[in-house]
Amino acid sequence: MKKRIQVNQLGYMTGMPKNAVCRVTAGVFYLVEAATGISVYAGRLTCPFFDRESGDNVRLADFSDFNTCGSYFIRAGYRRSDVFEISAEPYRNIRRTVLDGIFTNRCGCDLSAYGERCGSYAHKECHTDPVMRNGIAADASGGWHTGGKYEKDLRSACLTVADMIYSVKLFGENFSVNERENITDECRWGLEWILRMQDRDGGVYGGISGGDGETVIPEEDGGEYSFKPQSCSAALIFTAAAALGAGFFEKTDKVFSRKLKQAAELSWIAALRTDEYENYCRRLGSTSENGDGLNAIESEFMWAMCEMYALTGEKSFEQMINEKYMLSSFHGFGYSACGGFAALSYLMNSRTHDRTAEAFIRKRLTDRADRMLIAVNSSGYRTARSADGGYTYGSNFAVLSDCMDFIAAYLISGEQKYLEGAFDQFDYIFGKNPMGVSYVTGCGNESCRMPFHVMSMAMDNDAPVRGMAVSGANYERSDEYSKWHIEKGTPAAKCYADCECSTSTNEPSVHFSAPIIFASAFFDRVGKGALTGI
């Protein structure tokens, strides 16, 4: 029998918003102590509400004012939820699990001695053979296997590094010494690989693609790989990540920091030489004032400029930001938009003195969050997906990007409504969704168990690598399995199949997972009441 009451399977934090989604006819719900079966709290369900994205009639059970630690489940009528915890730090362990999942997806690293972190997926060194680039064999080893296969994507690596660095910069006091060391080490691993994606003239390749499609363990993969083409977009995202990394390592490793800074300067110059930059400049003069006429490259330019200004303090970057900020959106932490990172960089920069620009960016962030709240309040499962792009490939990543947008809005305003929005997006990922599944492997009572992940498939263990967020519901059903097994007309938020063959709905990636580190660190910090804004 399908579950009718969906909860965050990781649990809920004391003193913070707590709710569940119920598909029941009852009007009252009970919070029941799991060990004794005794009802400890009762509340009224909201009126029935039709959720267009899932096709469900739902009611909301809000128990935010119940804060006694323990194990519970929700009962409404004859239905009950999974057991969940209420505690002061329910998300602390998820950071380690996700970080270990990213670590296990390292490429070119001998992990055979790290069974404690990798479990039965502690593979040997892999993919160390040179890859041909302009007729010359080049070192492309390192980085992370980005998605389900053994390819490696530059943008994915840069976003993953940025999520981890900003989690430390904003919430680092909440990390244990070991946790901080592991995150720093993982950031360095990613940054060292992106440096290998840069050509001598400063141009940047988009990553490594290829392979023969065979289901083999990493060290036995004999497929041929090649560099993805260079692009302005790759150079910009590289510039932002390298500049961010240079500042992050400035006090602990000056040599590495200087190397990153030099690489960022080269890639920035390379980006300015491209036709895409010229097109961008032309479009600046013809787009609407709110920047909606510009594509993703706009946010990449702004992020790169903000990180370079934060690193160098050069007036030229400050001037460019002042000329262009009114046409920038300053939202998003993902593939299609990364302006949220630009906002964090600018607002956290001690060199920033333009109060008009600061106020504009803050307004952009809160305006975006307010628009998302309208979508959240009209969604049965309380996501903002109907407001921006719906459920396509990587919908779970988009939900986590929305979560980070809400967090940024809360950091600059302190308004409770944005905190509630952030929790709602996080809850969705871990079970409060139409499928009733935790979209992160090995996390929760009922998590996805058969992701399209070649290493997990090849090693044939009982469970996949833990801590990997999968792509999620995709109404396009853009792989053959999903087209045949998810009926046409299925509501968008239910176009998901927990199957290795469903490459368009069940593929994990390191950059899908990394925002969980950022969000969980934020929740733990705000739960302690010691969070300062930006």
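The values are calculated or read from the model by the stated rules, or taken from the named source; none is laboratory data. What you see is a predicted model; the values in this text were computed from it and never measured. Cβ sites come from the backbone with ideal geometry, for glycine too, and all protein chains shown count toward neighbours. The accessibility values were calculated without ligands, DNA or RNA, using every heavy atom of the protein model including side chains. Shrake-Rupley method; radii C 1.70, N 1.55, O 1.52, S 1.80 Å.
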Between segment 1-80 and segment 448-521, the alpha-carbon center distance in angstrom: 26 Å
Got a number for the accessible area of Lys254? Probe 1.4 Å, square angstrom, nearest 10. 130 Å²
If ligands, DNA and RNA are left out, what is the accessible area of Lys483 with a 1.4 Å probe, given in Å² to the nearest 10? 110 Å²
Sum up the charges of everything whose Cβ sits under 12 Å from the Cβ of Tyr30, counting Lys and Arg as +1 and Asp and Glu as -1, but leave Tyr30 out. +3
Magnitude of the charge dipole, segment 225-378, Cβ model with Lys/Arg +1 and Asp/Glu -1, debye to 20: 340 debye
Using 0.36 nm times the number of residues separating Ser226 and Phe66, minus their current alpha carbon distance, what extension gain do you get? 52.1 nm
What residue among Ile407, Thr352, Ser176 has its Cα farthest toward the positive end of the dipole of the chain, where the charges are +1 on Lys, Arg and -1 on Asp, Glu, each on the Cβ? Ile407
Above-threshold pairs, the threshold being 22 Å between Cα atoms, out of Lys363/Lys417; Lys149/Lys494; Lys18/Lys363: Lys149/Lys494; Lys18/Lys363
Could you tell me what percent of the accessible area of the chain is made up of carbon and sulfur, with a 1.4 Å probe and every protein chain present? 48 percent
Contour minus Cα-Cα span, Lys169 to Lys251, at 0.36 nm per residue, comes to 28.2 nm
Testing the spin-label approximation: label points 7 Å from Cα along Cα→Cβ at Arg180 and Phe49. State their distance in nm. 4.1 nm
Listed residue (Ala270, Gly332, Pro90) projecting farthest to the positive dipole end of the chain, Cβ model: Pro90
Contact order normalised by length for segment 352-470, with contacts defined as Cα pairs under 8 Å and 6 or more residues apart; what percent is it? 18 percent
Rg over Rh [alpha-carbon atoms, Kirkwood Rh] for segment 295-424: 0.99
Rolling a 1.4 angstrom probe over the protein chains, ignoring ligands and nucleic acids, what is the accessible area of Thr25 in square angstrom, nearest 10? 130 Å²
Percentage relative contact order, the chain, counting C-alpha pairs under 8 Å, at least six apart: 17 percent
Which semi-axes, in whole Å and largest first, does the equivalent ellipsoid of the chain have when worked out from the alpha carbon gyration tensor as the square roots of 5 times its eigenvalues? 37, 28, 22
Rank these residues by their accessible area, most exposed first, probe 1.4 Å: Arg283, Arg258, Arg117. Arg258, Arg283, Arg117
For the chain, what is the mean residue ellipticity at 222 nm derived from helices alone (per DSSP H run of n ≥ 4: -39500 (n - 2.57); sum divided by total residues; nearest 500 deg cm²/dmol)? -13500 deg cm²/dmol
Using unit Cβ charges (K, R positive; D, E negative) and no other charged atoms, how large, in debye to the nearest 20, is the dipole of the chain about its Cα centre? 1420 debye
Farthest towards the positive end of the dipole of the chain, among Val131, Thr392, Thr25 and with Cβ unit charges of +1 on Lys and Arg and -1 on Asp and Glu, lies the Cα of Thr25
Taking 0.36 nm per residue of sequence separation and subtracting the Cα-Cα distance, how much length would be gained by fully extending the chain between Glu214 and Glu323, in nm to one decimal? 34.2 nm
With every protein chain kept in place and a 1.4 Å probe, segment 294-452 has an accessible area per residue in Å² of 30 Å²
Evaluate the charge dipole of segment 355-440 about its Cα centre and quote only its size in Debye, nearest 20, assuming +1 on the Cβ of each Lys and Arg and -1 on the Cβ of each Asp and Glu. 160 debye
